[in-house]
Amino acid sequence: MEKIRVIDSHTAGEPTRLVISGAPDLGGGSLAERFAQLRENYDWLRTSLCLEPRASEAAVGALLCEPDDPHNDAAVIFFNNSGYLGMCGHATIGLVATLEYLGRMNVGEYRIETPVGVVGARLHGNGRVTVSNVASYRFRKDVAVEAEGYGTVKGDIAWGGNWFFLVRDPGIGLRKANLEKLMGFSKAVRKGLETASIRGDDEAEIDHVEVVGEGGDGVDGRNFVLCPGAEYDRSPCGTGVSAKLACLYSDGDLKEGEVWLQAGILGGVFEGKVHIVNGELIPQITGEAFVSAESYIVFSPCDPYRHGIHP
Ligand code: PYC
């Protein structure tokens with residue numbers, strides 16, 4: 001029977017399940033080729049790790065891989081209940097905290113390959129990590145979308161390692177008590193984007209909706225993020241905060257190096273900053289992750305749900 005070793009962590013409540021060993025051999029190609037292999041031939045790994053009965057729909061899986069460039073420290077492919085993510089901020093924090101837990105990383109600087117580019121990670125110790133994300137930017141401002149039941153809403157399209165539509169809270173209130181209403185609103189916006197074929201600048205689907213609002217109580221802003229598998233991010237969402245920072249910077253509301261504290265829907269906070277490197281905006285996101293379980297995934301040939309319960 002196959003056995004896959006995983007370590008679970010969470011970053012501000014958002015889970016990451018890191019595959020340490022036992023994953024299928026994806027061949028010796030580039031990270032892009034290995035990613036294509038995983039998606040086309042071994043998608044059962046994703047569904048086994050991220051769907052019921054082994055996981056909640058919020059789980060993000062991360063497959064630890066050898067980097068293409070030996071000067072980099074690791075490579076990773078992210079996935080969730082519905083497919084694959086280009087980059088994932090909370091899971092990168094989780095990955096580094098997990099490698100610290102395993103004694104494979106110490107306080108210091110690291111470079112990690114992801115399907116959308118190399119990111120930097122600084123481990124401060126005790127699970128606290130700063131991720132220097134891929135270059136981020138706002139693509140379009142004030143884009144009108146028809147959200148059924150809510151009328152026309154306007155928002156910004158921005159890249160933070162994934163595509164986001166950032167829309168102001170229409171008055172629901174960015175609190176956990178309002179989760180159901182926030183889900184309803186963000187799903188209506190997502191549907192409106194799909195119906196109107198509103199896309200990112202590479203024609204890619206905008207698969208994250210970020211509802212943003214005022215801060216207060218020691219934070220600069222709050223958010224609610226709807227992820228591609230129709231689940232919400234329990235954390236402030238690393239790539240979502242990156243997209244938000246890109247919008248703030250473009251509007252002149254955030255200067256290079258200034259700290260922005262972004263709270264997620266459960267109240268967890270990521271610290272964000274931007275740096276301009278060779279003319280590109282590089283967001284830096286700091287948060288902390290806690291290792292919560294070490295286990296082996298086993299596959300009984302008799303188990304009809306060994307590869308997950310498909311939606
Ligand atoms: O932290 O970037 C993030 C993220 C993306 C989806 C879930 N979390």
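Bear in mind that the values in this text are calculations on the coordinates, not laboratory data. Since this is a predicted model, take the numbers as computed values, not measurements. Reconstructed Cβ throughout: ideal geometry from the backbone, glycine too, with neighbour counts over all protein chains shown.
Annotations for the structure displayed:
- Whole-number percent relative contact order across segment 121-251, with pairs defined as alpha carbons under 8 Å at least 6 apart: 25
- Scanning the chain for GluC sites (Glu not before Pro) lying in DSSP loops with no more than 16 further Cβ atoms inside 10 Å, the longest uninterrupted stretch between such sites is 58-147.
- In nm, spacing of pseudo-spin labels at H71 and S292 (7 Å Cα→C-beta vector): 3.8
- Of the cross-linked pairs K176/K255; K154/K191; K176/K244, those separated by over 23 Å at the C-alpha level are K176/K255.
- Cα centroid separation, segment 90-129 to segment 183-246 (Å): 24
- Contact order, relative form, for the chain: 22 percent (alpha carbon pairs under 8 Å, 6 or more residues apart, mean separation divided by residue count).
- For the chain, the spread of Cα positions along each principal axis, largest first, Å: 53, 43, 36
- The label point for C302 and the one for N41, both projected 7 Å from the Cα toward the Cβ, are 3.1 nm apart.
- Gap separating the Cα centres of segment 273-311 and segment 1-42, nearest whole Å: 9
- Net length gained if the chain between R111 and R140 were fully extended (0.36 nm per residue, minus Cα distance): 7.4 nm
- On the beta carbon distance between H275 and R175, with R0 = 22 Å, the FRET formula returns roughly 0.10.
- Label-point separation in nm, S30 to K187, each point 7 Å along Cα→Cβ: 3.9
- Dipole in debye (nearest 20) - the chain, about Cα centre, beta carbon charges: Lys, Arg +1; Asp, Glu -1: 500
- Residue among T152, I198, A177 farthest towards the positive dipole end of segment 152-213, charges placed on Cβ: A177
- Among the trypsin sites (Lys or Arg not before Pro) within segment 7-116, those in coil by DSSP and having at most 13 neighbouring Cβ atoms inside 10 Å are R104.
- Extension gain, I309-H124: 0.36 nm per intervening residue step, less the Cα-Cα distance, totals 62.8 nm.
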